[in-house]
Amino acid sequence: MIEADYVLKLGGSAITHKDTPFSANTACIRRLAKEISGSVGKRIILVYGGGSFGHAAAIRHLSGGLVSSPSGIAEVRAAMLALTMELTRGFMAEGVPIFALNPSSCLVFGNGGSIRFGGAAIEAIEKALEGGLIPAMGGDIILDRGGGARILSGDTIARMLALRFRVKTLAFGTDVDGVLGPSGAIRAISRAELPGVIGMVGGRSGDVTGGMSGKLAAVRDYLSRGGREVLIFNACKPGTLARALSGSPEGTLIK
Ligand SMILES: Nc1ncnc2c1ncn2[C@@H]1O[C@H](COP(=O)(O)OP(=O)(O)OP(=O)(O)O)[C@@H](O)[C@H]1O
Ligand SMILES: [Mg+2]
């Protein structure tokens with residue numbers, strides 16, 4: 001079984017201008033690609049969030065957790081394809097061999113909103129890693145067995161792939177310095193402290209997957225299933241990603 005060093009989730013809050021619909025942060029995408037290109041030999045699986053593409057489209061069509069109309073489903077899919085292209089273009093411009101895979105092409109939600117990564121999706125990621133590519137999956141709209149479609153957040157994809165590929169670190173890059181407490185970013189959070197912290201953090205307007213609070217729920221799930229360390233860092237600050245990948249993380253460490 002192939003393992004990876006990092007699952008790195010690039011937040012939509014960093015790779016897009018989240019408050020301006022359908023606006024990629026091209027400068028940030030290219031800088032992050034450059035920082036990744038410096039970590040030669042590391043096996044990295046990329047995940048990315050919807051930012052002002054996925055969230056902006058989803059918010060128009062979601063009702064009770066479901067997108068029902070074919071035109072709404074198609075619109076959210078198209079939004080994520082557009083962001084996928086922006087990310088791909090930025091990485092290619094920096095010479096980083098990104099290999100984007102569409103979760104909606106290989107996953108379906110089962111009863112009760114359950115989802116399982118297996119078969120073709122995992123094998124494609126394994127082959128990409130073996131071939132020196134950087135596999136990438138974005139948050140997506142996934143068809144539901146019961147009809148319609150649901151949103152699968154990048155945070156959830158990240159925690160599922162991190163478990164499957166037994167990574168050393170699951171890292172979330174966002175537009176804030178980590179989990180913010182009353183006096184700035186919290187340096188370290190233990191497993192036992194996590195539920196209390198989740199009660200304190202908030203979401204974000206315009207975000208359909210819970211903002212920081214949704215992310216920490218994914219982290220809690222990850223740790224309860226045997227996940228190792230999690231880092232939440234500021235991907236908008238130059239150098240932070242490169243330092244995290246070279247073993248000098250800044251931000252909030254959770255383990
Ligand atoms: N206590 C907190 N600490 C940090 N961020 C918080 C807190 N409470 C609320 N937030 C909000 O959560 C946001 C980060 O979550 P958000 O989902 O927007 O980022 P992301 O996951 O990178 O983006 P995307 O979902 O598009 O991938 C912050 O920008 C902030 O507005
Ligand atoms: Mg989010």
The lone condition residue 169 fails out of (1) near ligand 1 (Cβ under 9 Å from one of its atoms); (2) within 16 Å of the chain's Cα centre (by Cα) is (1)
Residue set 202, 214, 173; condition assigned to a loop (DSSP other than H, G, I, E, B) and either within 17 Å of residue 154 (Cβ to Cβ) or in contact with a Gly (Cβ under 7 Å, 6 or more places away or on another chain) (or both); output residue 202
Taking residue 253, is it crowded, with 22+ Cβ neighbours inside 10 Å and either modelled with pLDDT of 95 or more or away from ligand 1 (no atom under 15 Å from the Cβ) (or both)? no
Segment 176-195, residues that are part of a loop (DSSP other than H, G, I, E, B) and on the phi > 0 side of the Ramachandran plot: 178
Any residue that is assigned to a loop (DSSP other than H, G, I, E, B) and either of a type in the set (Asp, Glu) or surrounded by 15 or more Cβ atoms within 10 Å (Cβ to Cβ) (or both) - is there at least one of those in segment 220-234? yes
Can you name the residue in segment 238-248 that is in a loop (DSSP other than H, G, I, E, B) and touching a residue at least 40 places away in the same chain (Cβ under 8 Å) and, of all such residues, is farthest from ligand 1 (Cβ to nearest atom)? 246
Determine the pairs where a residue that is within 16 Å of residue 232 (Cβ to Cβ) and away from ligand 2 (no atom under 11 Å from the Cβ), located within segment 12-25, has a partner that is assigned to a helix (DSSP H, G or I) and among the basic types (Lys, Arg) with Cβ atoms under 8 Å apart, the partner being 6 or more residues away or on another chain. none
Of the residues in segment 5-60, how many are within 30 Å of residue 127 (Cβ to Cβ), modelled with pLDDT of 95 or more, among the hydroxyl-bearing types (Ser, Thr, Tyr) and not in a helix (DSSP H, G or I)? 3
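Can you give me the number of residues within segment 177-209 that are among the hydrophobic types (A, V, I, L, M, F, W, C), buried (at least 21 other Cβ atoms within 10 Å of the Cβ) and within 14 Å of ligand 2 (Cβ to nearest atom)? It would help to see each step written out before you state the result.
Start the filter on segment 177-209 by keeping residues that are among the hydrophobic types (A, V, I, L, M, F, W, C), which leaves 179-180, 185-186, 188-189, 192, 194, 197-198, 200-201, 208.
So of that shortlist, the ones also buried (at least 21 other Cβ atoms within 10 Å of the Cβ) come out as 179, 186, 189, 208.
Among the residues that remain, those that are also within 14 Å of ligand 2 (Cβ to nearest atom) are: 179, 208.
The total comes to 2.
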Is segment 22-40 home to any residue that is over 16 Å from the mean Cα position of the chain (by Cα), within 16 Å of ligand 1 (Cβ to nearest atom) and among the small types (Gly, Ala, Ser)? yes
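The values are calculated or read from the model by the stated rules, or taken from the named source; none is laboratory data. Quick caveat: nothing in here was measured; it's all calculated off a predicted structure. When we count neighbours, we look across all protein chains shown, and the Cβ atoms used for this are built from the backbone with ideal geometry, even at glycine.
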